[in-house]
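Comments concern the structure below.
The values are calculated or read from the model by the stated rules, or taken from the named source; none is laboratory data. A quick note: this is a predicted structure, and the numbers were derived from the prediction, not measured. Ideal geometry is used to build each Cβ from the backbone, glycine not excepted, and the neighbour counts take in all protein chains shown.
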Ligand code: URA
């Protein structure tokens, strides 16, 4: 059953300090699939970001292998994802699927795919800092459950959040950074690649994916 997640409620306790009473997710005993399912239930019918709640059809939690070695993290659901409830199923998603399957010779089901935001921003506008702050604790829990060996940060927003750097994606890409001890490879977002489908940009994304494969294959 999906219950609404309570909004964060800072409160003043007897010690006079501010406390954040946001309920914390505690993964249940069980396998990773069970834990991911529990996290999805915990998120419930999240109401934290009013502008997103008004606009969304469904929450796009993420999908893939709970034991994935590689986790891809995008920006936010688009129109197709919002309707289907699955990440990267539109045009950019088809390109990502090709990169994974035809380029990396993996199956899409072998990896895990999620986004910085789990709700579609109105008119695909950029994620707002408060929305990133509200939603990324859930991404962090997904990472803690799946424990990928490497994260691929797709585009500016994922790269910015996961590397903690505001350096442009064109400079961040191509080298490993870290998110809480997990190697992060930033690369261009597939939607950017679609709009700028040059041999040079395709080569750069492929170079980045080769480094990811070399890393996981040791
Ligand atoms: N773009 C993203 O960043 N994520 C999706 O899920 C789809 C498109």
From the options 72, 88, residue that is modelled with pLDDT of 95 or more and either near the ligand (Cβ under 8 Å from one of its atoms) or surrounded by fewer than 20 Cβ atoms within 10 Å (Cβ to Cβ) (or both): 88
Test result for residue 25, assigned to a strand (DSSP E or B) and either at pLDDT 95 or above or surrounded by 14 or more Cβ atoms within 10 Å (Cβ to Cβ) (or both): no
Cross-chain or 6+ apart pairs with Cβ under 6 Å, the range 66-81 first and within 18 Å of residue 161 (Cβ to Cβ), then part of a strand (DSSP E or B) and away from the ligand (no atom under 16 Å from the Cβ): 70/150
Selection within the range 32-51 - assigned to a loop (DSSP other than H, G, I, E, B) and buried (at least 16 other Cβ atoms within 10 Å of the Cβ): 46, 48, 49
Members of the range 91-125 that are closer than 14 Å to residue 55 by Cα and within 13 Å of the ligand (Cβ to nearest atom): 117, 118, 119, 120, 121, 124, 125
Residue that is farthest from residue 129 (Cα to Cα) [pool: residues in the range 148-171 that are touching a helix residue (DSSP H, G or I) at 6+ places or on another chain (Cβ under 7 Å) and more than 16 Å from the ligand (Cβ to nearest atom)]: 149
